[in-house]
Amino acid sequence: MQEKKKKEEKKLAVFDIDGTIFRKNLHFELLDELVYMKIFDKSVRNELVRLYGNWLNHEGTYEAYRDKLVQLYEKHLKGCYQKDIEKASKKVADFNAKRVYVYTRDLIEKYREEFCMIVISGSPEEIVKCYAEIFNFNAHFGSVYEVDENGIYTGRTLFEPTKDKGGIVEDYVERKGISLDNSTGVGDTESDAKFLELMDHPIAFNPNRQLKQIAEKSGWKVVVEKKDVIYEI
């Protein structure tokens, strides 16, 4: 977790990454790259393909799919060098920098000057950091895994943003003295609902069924981007 100070912080904008800014899943792409670099065993690739196929076949929710990705990553991360994960993360983030949704890309550009922008993701901190730097976010929060004095992962998880994204936002605004007046949040799954409900202008973007139901009940804006068409429901 790292932050970049800004001379004047006004309104707050909070974004999820996977499925909200990035059109795919950073964690999946990182795992794939780690197999290609021979840091993770090639068997991981087969498991990735199986998990992705199950999700495409509607055999479980996106959150269940994401949880299995996390479990797969944690299983193979222990004993790896952090420098290797950082190298792979930089490659993946740079390669996928332009593979974003038009709607959220334009929001980021629109908000860049007058908003304090933060991004919260369940993907590993190493790749969230690289991705956040590309878009010049003021702060970023990703999953943190313990590293020993030799720069090797111990297998212990220290921080998981998806468990309480709302709590992360509340802590951040309290520490920074930022008001939530006229704040905006954008997310796509139910794990984002806890921070969206804090925002004055919550946006459920390409929401899954669970978030769509929450958004409709709460009266939030729902935006869908499909191919080259963007529309509100």
Do any residues in the stretch 84-112 that are over 14 Å from residue 137 (Cβ atoms) and acidic (Asp, Glu) have Cβ atoms under 8 Å from those of residues that are open to solvent by less than 80 Å² (accessible area, probe 1.4 Å) and outside any helix (DSSP H, G or I), where the two are at least six apart or on different chains, and which pairs are they?
84/37; 84/39
Please state which one of 170, 146, 126 is in a strand (DSSP E or B), acidic (Asp, Glu) and surrounded by 13 or more Cβ atoms within 10 Å (Cβ to Cβ).
146
I need the full set of residues from the stretch 13-41 which are open to solvent by 30 Å² or more (accessible area, probe 1.4 Å) and among the hydroxyl-bearing types (Ser, Thr, Tyr), in order please.
36
For the stretch 94-105, state whether one or more residues are out of contact with any Phe, Trp or Tyr (no Cβ under 9 Å at 6 or more places or on another chain), farther than 30 Å from residue 10 by Cα and either open to solvent by less than 40 Å² (accessible area, probe 1.4 Å) or not β-branched (Val, Ile, Thr) (or both).
yes
Residues of the stretch 69-93 satisfying the condition of being open to solvent by less than 90 Å² (accessible area, probe 1.4 Å) and assigned to a loop (DSSP other than H, G, I, E, B)
79, 80
Lone qualifier among 50, 66, 112 - being open to solvent by 80 Å² or more (accessible area, probe 1.4 Å) and either β-branched (Val, Ile, Thr) or within 27 Å of residue 226 (Cα to Cα) (or both)
50
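The values are calculated or read from the model by the stated rules, or taken from the named source; none is laboratory data. The structure presented is a predicted model; accordingly, all values stated were derived computationally and were not measured. All Cβ positions, glycine included, derive from the backbone under ideal geometry; neighbour counts span all protein chains shown. The area values use the complete protein model at the heavy-atom level, side chains included, leaving out ligands, DNA and RNA. Shrake-Rupley method; radii C 1.70, N 1.55, O 1.52, S 1.80 Å.
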